[in-house]
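The values are calculated or read from the model by the stated rules, or taken from the named source; none is laboratory data. Since the structure is predicted, the reported quantities are computational estimates derived from the model, not experimental observations. Using ideal geometry, Cβ is built from the backbone for each residue, glycine included, and neighbour counts are taken over all protein chains shown. In case anyone asks, the SASA skips ligands and DNA or RNA and just uses the protein heavy atoms, side chains included. Shrake-Rupley method; radii C 1.70, N 1.55, O 1.52, S 1.80 Å.
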Amino acid sequence: MSSRESKAEHIRRIMATEGAAVGENTRGFNQGRYESVAKLEDYEELKDEARAIKEDAIERLPELVEEVRAVVEENGGTVYLAEDAADANRYIREVCDAQDATRLVKSKSMTSEELEVNEALESGGIEVIETDLGEWVLQVAEEAPSHIVAPAIHKSREEIARLFNEYFDPEEELETAQELTEFAREHLGELIEGADVGMTGANFVTADSGTIALVTSEGNARKCVTVPETQIAVAGVEKIVPSVEELRPFIELIGRSGTGQDITSYISLFTPPVDSPTVDFDRPEEPIAGGDTAGDREFHLVLIDNGRMAMREDDDLRETLYCIRCSACANTCANFQSVGGHAFGGETYSGGIATGWEAGVHGLDSAGEFNDLCTGCSRCVPACPVQIDIPWINTVVRDRLNSGEDVPLEVLVEGLTPDAETEGPGLQKRLFGNVETLAKLGSAFAPLSNWAANSRPASAVLERVAGVAGERNLPAFQRTTLRDWMDQREAVPALDPDRKVVLYPDLYTNYMFVDRGKAAVRTLEALGVEVLVPAAPGSGRAPLSQGMISTARRQAEGVADALDPYLEEGYDVVVIEPSDLAMFRDDYSRLLPEREAELFAEHSYELLEYVYGLLSNGANVEVLDTTSGEETVAYHSHCQQRTLGLEPYSVEVLTECGYTVTTSDVECCGMAGSFGYKEQYYDLAMDVGSRLEAQLREADADHVVASGTSCTDQIGDLLGQEPRHVVELVAPPEET
Amino acid sequence: MTQDTPTTTYEQFASVASEYGIEPRRVEPNGVAEAVTEMLDPPAVGTQLPWEDATLPDGVTTEPTPADLRAATTGVTAASLAIAEYGSIVLDADEDGSDSVSLFNDLHVAVLHEDDIVPDMATAFEQFGERLRETRESAIIATGPSATADMGALVNGAHGPKQVEVIVVS
Ligand code: SF4
């Protein structure tokens with residue numbers, strides 16, 4: 001089996017066995033997030049604050065580590081800075097051995113999963129018990145977490161009941177969630193009572209007081225800290241914040257962002273060794289208040305480096321260290337919702353940010369296992385409480401996996417035959433990364449190339465060689481490109497000489513979906529704008545999405561060369577394809593010199609955003625193709641367009657034109673650029689798309705419209721009929 | 001008393017807490033013992049309240065042993081602070097064992113002084129900052145009962161109380 005086939009098989013299997021439970025739970029969390037953050041008046045300010053605190057803390061990390069060491073020692077505890085997992089595990093085992101410990105009880109900690117401390121202790125004869133109910137289910141089932149916050153999210157109640165009934169053989173069969181929870185509480189309660197050591201993670205560690213903040217709901221962490229005499233906390237070094245006050249924005253954001261709870265049941269601010277007396281169940285008749293308190297307790301804070309200090313030096317991976325592991329990026333991710341962390345995850349971490357964590361702590365290979373599943377749709381970006389550019393981290397890691405070497409454009413053409421020896425990105429990545437070459441060739445030979453691309457043998461070759469899913473119809477190339485059409489027709493004089501735009505001829509509009517380009521030109525001109533369509537290369541989106549950063553940069557520079565003269569003269573740039581607009585507004589800041597990037601960010605507009613602006617400034621809507629009737633529209637906005645906050649403009653313009661609009665609320669159509677074209681991801685893309693399909697069918701509207709090419713392709717495959725771009729619905733009819 | 005738009009900090013606290021199944025009851029200091037008696041489900045354990053005039057009733061075993069703790073259904077403790085906008089109460093992890101008493105039993109009855117309700121998280125954290133730096137104590141912000149969704153549906157009473165009641169001393 002080729003690696004693409006086995007990947008497809010793995011994804012199919014996970015979707016079939018775990019997809020339903022993961023989907024229901026993550027979508028619930030995601031919906032909860034939207035509702036919970038909407039209640040915060042100062043949501044954006046809190047995110048800014050959280051971000052600033054993390055930037056500062058990571059910047060000053062070495063100094064803060066020393067502060068923590070000093071303050072914890074002053075409190076009566078010990079700090080151990082572990083270089084890597086083996087070092088941490090060795091130390092933890094020594095602590096346990098010094099206590100003659102036979103049982104350690106743990107509350108949930110992803111960092112301890114990263115260390116694989118359970119295995120290390122168990123091999124030394126120490127019994128380790130996970131007391132978080134989800135983690136305990138997994139310990140019994142001998143499985144790995146599928147989600148960083150809700151580890152057993154892939155298991156349904158029925159499965160857990162079956163597991164417990166088989167494993168524990170209880171007197172009465174367990175069935176309901178209530179019964180399962182009570183059984184677990186009893187069972188684990190007894191194990192905690194007899195434990196020698198309690199281990200927790202830490203969501204945050206404060207450098208001014210040595211306080212460990214734990215964000216939990218069950219109460220097991222409190223028991224693990226209080227009952228045994230010895231406490232160990234394991235924490236990545238990045239968990240340190242300078243002061244107690246600086247915990248506040250995180251406390252307000254973490255539950256809302258993750259599971260959609262305004263706050264979790266318990267935010268424990270433990271300053272160990274804690275004052276609470278130990279609860280010694282071996283001496284059941286001695287008052288608790290006489291138990292060991294702070295002075296007698298032992299506390300060890302094990303701070304973990306394990307690659308983090310190197311991440312801190314890495315300009316691209318550094319942001320990962322700001323992550324507070326809330327899980328918003330996983331819950332908001334359409335692909336994650338379909339497969340969960342057993343497919344969209346590496347050795348320890350899962351979801352979009354896992355690429356950064358895995359690359360940093362376990363190495364590039366572990367990140368490479370799943371990094372492709374991030375499509376760069378960017379829906380996680382506004383959800384992240386510390387504003388990490390998660391897609392960028394994925395892009396950078398992909399670039400490094402491609403061995404950092406972009407392949408010259410010519411290779412693509414030759415590359416249409418398999419060439420296992422070529423260094424750098426695989427053939428499939430080069431194909432999708434170099435769509436531009438393909439488009440030019442395709443258009444020059446249209447319609448021949450269309451027949452060829454979609455004919456059975458050709459699509460079979462594309463599937464075998466480059467992994468283009470055979471089920472997909474490739475978009476048809478047009479012989480007359482948008483630019484040809486502009487050149488051939490008579491220029492339309494502008495009504496308002498101050499309104500002049502450059503319509504960016506993205507590859508899809510110029511070579512394939514020429515009609516929507518024409519509709520855009522007619523619309524803008526009808527509203528009194530002078531429209532030019534100059535020659536310009538691809539925006540760099542395609543190579544960027546394949547992790548080919550230097551190719552993307554070259555293209556960005558090409559676009560800048562082509563459009564700069566117009567920008568200098570005061571032209572606005574109007575963009576049809578939202579993913580290209582996202583390049584201009586956002587990604588160019590990483591690819592072009594600052595001033596140039598700013599120019600693009602400030603003067604580029606999404607087409608319907610621009611139309612909306614014209615209408616708001618007095619242009620007459622009646623020149624467009626309006627309807628007075630009861631026509632309905634089902635509209636699916638594009639993921640990156642939503643992240644840029646531009647969905648409302650399309651809805652508004654459609655409404656002004658007289659349509660009744662329903663919008664989809666799925667995060668992504670599933671196609672996400674070239675992702676859904678790849679054979680190994682076809683089933684996943686269709687699974688993601690199935691929810692959009694359901695919503696569009698339910699809307700049962702007179703028209704289905706969308707904004708992005710990949711969305712229209714995907715919806716076409718889902719509904720069996722290609723939807724149009726918004727502008728095609730509102731554009732004045734073509735004069736004949 | 002329920003109002004649509006809470007006006008005082010107390011009312012805001014009560015209104016948000018009710019979303020977690022808590023209906024705070026406001027009493028005079030000398031009415032605390034009676035209110036606790038009415039609310040508890042025996043047997044009960046507790047730790048002493050820090051206010052003069054506000055005492056625990058005879059039905060509550062103070063200075064409990066591990067055996068008492070295991071046998072009890074109700075735990076009674078003070079709360080040192082409350083945060084109105086979150087409906088949260090703040091529990092101490094003191095040498096009397098209040099942390100355990102508030103955690104191990106099905107019902108936790110917390111006694112709070114009305115003056116200790118702060119409006120928001122920012123104010124609470126200003127207080128925590130000073131207090132934790134100075135005293136190196138611990139504090140637990142508790143909101144509603146212990147809960148889990150790990151067994152396939154939301155269940156109250158995971159490792160901690162299934163229900164929380166709050167008495168507010170005014
Ligand atoms: S990257 Fe952001 S959204 Fe994702 S887990 Fe980390 S903090 Fe949460």
Counting alpha carbon pairs within less than 8 Å and at least 6 residues apart, what relative contact order, in whole percent, applies to chain A? 12
Rounded to the nearest whole Å², what accessible area per residue is found for segment B:9-169 with the 1.4 Å probe? 36
With all protein chains in place and a 1.4 Å probe, B:SER138 shows an accessible area in Å² (nearest 10) of 0
Got a sec? Which residues of segment A:271-285 lose 20 Å² or more of accessible surface with every protein chain in place, vs. that chain alone, 1.4 Å probe? A:THR271, A:ASP275, A:SER276, A:PRO277, A:VAL279, A:PHE281, A:PRO284, A:GLU285
Describe numerically, in nm with one decimal, the distance between label points set 7 Å from Cα along Cα→Cβ at A:GLU631 and at A:LEU532. 3.4
Let a ≥ b ≥ c be the square roots of the eigenvalues of the Cα gyration tensor of segment B:9-169; is it rounded (a/c under 1.5), or, if not, prolate (a/b larger than b/c) or oblate? rounded
Suppose only helical runs count, i.e. DSSP H with n ≥ 4. What mean residue ellipticity at 222 nm does that imply for chain A under -39500 (n - 2.57) per run, divided by all residues and rounded to the nearest 500 deg cm²/dmol? -14000 deg cm²/dmol
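Quick one: pull the percent of accessible area on chain A belonging to carbon and sulfur, 1.4 Å probe, ligands and nucleic acids left out.
Exposed carbon and sulfur together represent 46 percent of the surface.
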Cross-link pairs A:LYS54/A:LYS106; A:LYS7/A:LYS155; A:LYS500/A:LYS678; A:LYS518/A:LYS678; A:LYS108/B:LYS162; A:LYS155/A:LYS239 - those with Cα-Cα distance over 32 Å: A:LYS500/A:LYS678
Chains A and B: what accessible area do they bury, summed, in square angstrom to the nearest 100, with a 1.4 Å probe? 5100
Proximal lysines to A:LYS39, defined as alpha-carbon separation beneath 22 angstrom and excluding residues fewer than eight positions away on the same chain: A:LYS47
For B:GLU34, A:GLU218, the accessible-area ranking with a 1.4 Å probe, largest leading, is B:GLU34, A:GLU218
Residues of segment B:42-86 that bury at least 40 Å² of accessible area, probe 1.4 Å, when all protein chains are present rather than the chain alone, are B:THR65, B:PRO66, B:ARG70, B:TYR86
Under a 1.4 angstrom probe, counting protein chains only, how are B:GLU85, A:GLU142, A:GLU609 ranked by accessible area, largest first? A:GLU142, B:GLU85, A:GLU609
With the charge dipole of chain A built from beta-carbon charges (+1 for Lys and Arg, -1 for Asp and Glu) about the Cα centre, the Cα from A:ALA235, A:LEU138, A:LEU719 projecting farthest to the positive end belongs to A:LEU719
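Count the DSSP beta bridges whose two residues both fall in the protein assembly as shown, then state the antiparallel fraction as a percent rounded to the nearest 5.
Working: 22 of 90 bridges.
The answer is about 25 percent antiparallel.
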Between rounded, prolate and oblate, where does segment A:482-730 land on the alpha carbon gyration tensor, with a ≥ b ≥ c its root eigenvalues, rounded for a/c under 1.5, else prolate if a/b exceeds b/c? oblate
Which far-off residues, 5 or more places away or on another chain, put their amide H under 5 Å from the one on A:SER637, with H placed in the peptide plane? A:SER664
Just reorder A:HIS638, A:HIS10 by solvent-accessible area, largest first, 1.4 Å probe, all chains present. A:HIS10, A:HIS638
Cα-centre dipole for segment B:9-169 with unit charges at Cβ (Lys and Arg positive, Asp and Glu negative), debye to 20: 500
Quote the accessible area belonging to A:ASP316 in square angstrom, nearest 10, computed with a 1.4 Å probe and with ligands, DNA and RNA left uncounted. 50
Cα shape, chain A, gyration tensor, a/c 1.5 rule: prolate
